[in-house]
1. Residues to consider are Ala83, Ala106, Ala97; find the one that is at pLDDT 75 or above and closer than 30 Å to Lys162 by Cβ.
2. Hey, among Arg103, Arg108, which residue is touching a Leu at 6+ places or on another chain (Cβ under 6 Å) and either in a helix (DSSP H, G or I) or of a type in the set (Gly, Ala, Ser) (or both)?
3. Applying the selection to the stretch 174-230, what residues are of a type in the set (D, E, K, R) and farther than 20 Å from Glu49 by Cα?
4. Please find, among Thr124, Thr78, the residue that is surrounded by fewer than 17 Cβ atoms within 10 Å (Cβ to Cβ) and either closer than 18 Å to His183 by Cα or within 19 Å of the chain's Cα centre (by Cα) (or both).
5. Take the stretch 135-169 and flag every residue that is open to solvent by less than 10 Å² (accessible area, probe 1.4 Å), under 15 Å from the mean Cα position of the chain (by Cα) and within 26 Å of Glu104 (Cβ to Cβ).
6. Cβ-Cβ under 9 Å, sequence separation 6+ or interchain: first residue in the stretch 188-204 and of a type in the set (D, E, K, R), partner part of a strand (DSSP E or B). Which pairs?
7. If I ask for residues that are out of contact with any Ser or Thr (no Cβ under 6 Å at 6 or more places or on another chain) and either open to solvent by 70 Å² or more (accessible area, probe 1.4 Å) or assigned to a loop (DSSP other than H, G, I, E, B) (or both), which ones from the stretch 211-226 would you list?
8. Just give me the residues in the stretch 60-80 being closer than 30 Å to Lys162 by Cα and among the small types (Gly, Ala, Ser), in sequence order.
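The values are calculated or read from the model by the stated rules, or taken from the named source; none is laboratory data. Everything numeric in this text was worked out from a predicted model, so none of it was measured. Using ideal geometry, Cβ is built from the backbone for each residue, glycine included, and neighbour counts are taken over all protein chains shown. Heavy atoms of the whole protein, side chains included, go into the accessibility calculation; ligands, DNA and RNA do not. Shrake-Rupley method; radii C 1.70, N 1.55, O 1.52, S 1.80 Å.
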Amino acid sequence: MTDPSERRPTPSHDMVYPGREEARLVPLAAYARRPVSEMRSLATGFYAEMNRRRTVRHFSTDPVPRELVELAIRTAGTAPSGAHHQPWHFVVIGDPALKARIREAAEREEFETYQRRMSEEWRTALAPIGTHWVKEHLTDAPWIVVLFKQSYGILPDGTKRKNYYVDESVGIAAGMFITALHHMGLVTLTHTPTPTGFLRELLNRGKNETAVLVLPVGFPHAEATVPDFTRKPLEEITTWHVADDVT
């Protein structure tokens, strides 16, 4: 049995959440239950809109207002996260010189990946997409957003605060960011350069952060093309366990 005197003290709220009010439970006042017919109509329309979403690799250089990117990030920031630690950080780059440096470093790593690191199976899987180590989207798109995950937080006194379900939380936030962009009429690409350590150095991020996605943001080029893909049908991506009388 552990001696009570040897138990680790529970950190205070102020230590774990410096500068934030202590959490309290409040009524779910903003929720309004809708009729099923209205819910079905909303869901059908939203599915149709999202089913038109496509990953784009050819971007227009036309400018995009900063406010739109900010709103997409605000939307992503509403994602659920483990212990509400929100273990993500979005770095937004609009400086052409910095975008060029990121492209140069990314292409250097991507060249090594395509020439030496990538298996034949992987190369074959990517062939229908037409992707390669040249990443012109990194300089053509008006904005680049680099999404970092935070494996742990750093408190004001320098101690570490554990984050929970980091990959799951950041993945949800990324999906909501992409959805927000599509909803407002912008396009993006989930670029995952490997390895990503150069991004932490170029963007001066902490050791507790790892870049997980590079997302160019903008309008599609007038001559942009996309692969002629279809998505898996519902029956292939879903398994139901319900009672016989449930419809």
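1. Ala83
2. Arg103
3. Applying the first criterion (of a type in the set (D, E, K, R)) to the stretch 174-230 yields 200-201, 205, 207, 209, 223, 228.
Of everything in the stretch 174-230, those that are of a type in the set (D, E, K, R) and farther than 20 Å from Glu49 by Cα turn out to be Arg200, Glu201, Arg205, Lys207, Glu209, Glu223.
4. On the way: Thr124 fails: either closer than 18 Å to His183 by Cα or within 19 Å of the chain's Cα centre (by Cα) (or both).
None of the other options fit; the residue is Thr78.
5. Residues satisfying the conditions are Ile144, Val145, Val146, Leu147, Phe148.
6. What qualifies is Arg200/Phe148; Arg200/Glu209; Arg200/Thr210; Arg200/Ala211.
7. Those that are out of contact with any Ser or Thr (no Cβ under 6 Å at 6 or more places or on another chain) and either open to solvent by 70 Å² or more (accessible area, probe 1.4 Å) or assigned to a loop (DSSP other than H, G, I, E, B) (or both): Ala222, Glu223, Ala224, Thr225, Val226.
8. As a first pass, look at the stretch 60-80 and keep what is closer than 30 Å to Lys162 by Cα: 69-80.
The answer is Ala72, Ala76, Gly77, Ala79.
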